[in-house]
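Asker: Below: one structure in structure tokens.
Each value in this text was obtained by applying a stated rule to the coordinates, not by laboratory testing. Note that this is a predicted model, so its numbers are computed, not measured. All Cβ positions, even for glycine, are placed from backbone atoms using ideal geometry, and neighbour counts span all protein chains on display.
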Amino acid sequence: MRARTRDRRVYLGSHPVLFALLAATRRRPVVRLGRTLLVHDREAFVAGLTRIPLDRTAAGTTGGAAGRLAGGGLLFDQQGDGHRHARRDAAEALGAAGVARLRPVWTDLLERGLKPLAGGDPVDLVPLAAELAGTTAAALLGVDVDGVALAAAARDAAAAAARDHLPGLPRPGAGRAAREATGRLAALLAPAGPDRLPLATMLAVAAITTTVAAVPRAAAWACDADLWAYADSPALADELLRVTAPTPLLPRVAADAGELPVPGGCPVRGGDRMLLVARHVLDAHHLDPDPARPVSARIAQLAFGTGPHACPGARLARTQLGDVLRALAPYRPVVVRARVDRRSALPSWRSLVVRPS
């Protein structure tokens, strides 16, 4: 109970109005609010990603934000052959061989970053996760840039883009702030070359923001629920990624008419906005992690999407989180201080300090 109560603070502190709305409507499979559909049902969620034609450049979607912030071509907003080729390149870079090549980068950082625990001193896992994510992303992209600086720029750009995704009134100066944040990130990634810059930007933002959101939250849950006995089981990382749902909401816009498979049917019109609630289809809101009896692989995979829109970084995320948990386990750490990040793109801790028990 303590683990769930602490993790709930992340949602209530970062996006209170939105997640109150989602919680209030979650007992209905799909809720229509004007031209917006809140999709809580698992099969409807899958259909929204695989059977409804999507407008990948629409305002208020990941692709639309990517196009406006960096000129398009960021995988999220691509169509047809361009989308398939970009996904293939990303999948190759993040496949088994690519992850094996990158693994020493973050294991070395973990060894140094967690060393204070051996002496009984506390460690803040958020800046460690940011350095780990930024340094790994730089190695993945082949750019010689400081990992901490890259992580900060990617998180700023993502936070600015997130304001496009979420309901609410536009904030004065938000557009200028978004352009400036993206410009700083693009300047750091310029050595990747003009042809690779759009894909490099997408990979950096996606990898860094999800890692900084997922790793501290997963570690906090493992601390509070005392799950360290399962640190050597791959199921622990899968279950923690399921309940933390680092990307809890996928905003999409229908390009054409379709129907979501719920009792009685739910028609979707071209231009309708679908808010696909990954947190609920993963049962993250009520089913605690249980590495001894994990959910089916089919459900767990939905943390990374499905079909042609599945995240190509799933292997990297699982491997990296598993390594973090195994590195922490010998200290059986406990949380001594936690502060919510109220401006991050994804529900995140701003600071999560642990010490050995």
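Asker: If we count every other residue with Cβ under 13 angstrom of residue 337's Cβ, Lys/Arg +1 and Asp/Glu -1, where does the sum land?
Answerer: Local net charge: +4.
Asker: Return the single residue from 204, 329, 100 with maximal mean-square fluctuation; model: Gaussian network over the chain, springs between Cα atoms under 10 Å.
Answerer: In this elastic network of the chain, the residue with the biggest mean-square fluctuation among 204, 329, 100 is 100.
Asker: In nanometres, what is the gap between the two model label sites at residue 103 and residue 357, each 7 Å from Cα along Cα-to-Cβ?
Answerer: 2.8
Asker: According to a simple spin-label model (label point 7 Å from Cα along Cα-to-Cβ), what is the distance in nm between residue 20 and residue 146?
Answerer: The two pseudo-label positions are separated by 4.0 nm.
Asker: Only counting other Cβ atoms within 10 Å, I'd like 357, 296 sorted with the fewest neighbours first.
Answerer: Working: 357 10, 296 7.
By the 10 Å Cβ count, ascending: 296, 357.
Asker: Follow-up question, since we're still on this one. Calculate for the chain the 222 nm mean residue ellipticity that helices alone would give, adding -39,500 (n - 2.57) per DSSP H run of length 4 or more and normalising by residue count, nearest 500 deg cm²/dmol. Let's see the in-between values first.
Answerer: Details: 15 runs with 192 residues, N = 357.
It comes out at -17000 deg cm²/dmol, rounded to the nearest 500.
Asker: At a Förster distance of 30 Å, what's the computed FRET efficiency of residue 256 paired with residue 12, Cβ-Cβ distance as r, to 0.05?
Answerer: Using R0 = 30 Å, I get an efficiency of 0.25.
Asker: Would you mind calculating the gained length between residue 184 and residue 269 on full extension (0.36 nm times residue separation, minus the Cα-Cα distance), in nm to one decimal? Could the numbers behind the result be given before it?
Answerer: Numbers: separation 85, 0.36 × 85 = 30.60 nm, distance 3.81 nm.
Contour length minus the Cα-Cα distance gives 26.8 nm.
Asker: How do 2-8, 268-274 rank on mean C-beta neighbours within 10 Å, highest first? Can you show the working numbers first?
Answerer: Working: 2-8: 16.1, 268-274: 18.4.
Taking the mean over residues of other Cβ atoms within 10 Å, the ranking is 268-274, 2-8.
Asker: Specify which residue in the list 107, 133, 25 is farthest towards the positive end of the charge dipole of the chain, using unit charges on the beta carbon of Lys, Arg (+1) and Asp, Glu (-1), about the Cα centre.
Answerer: 25
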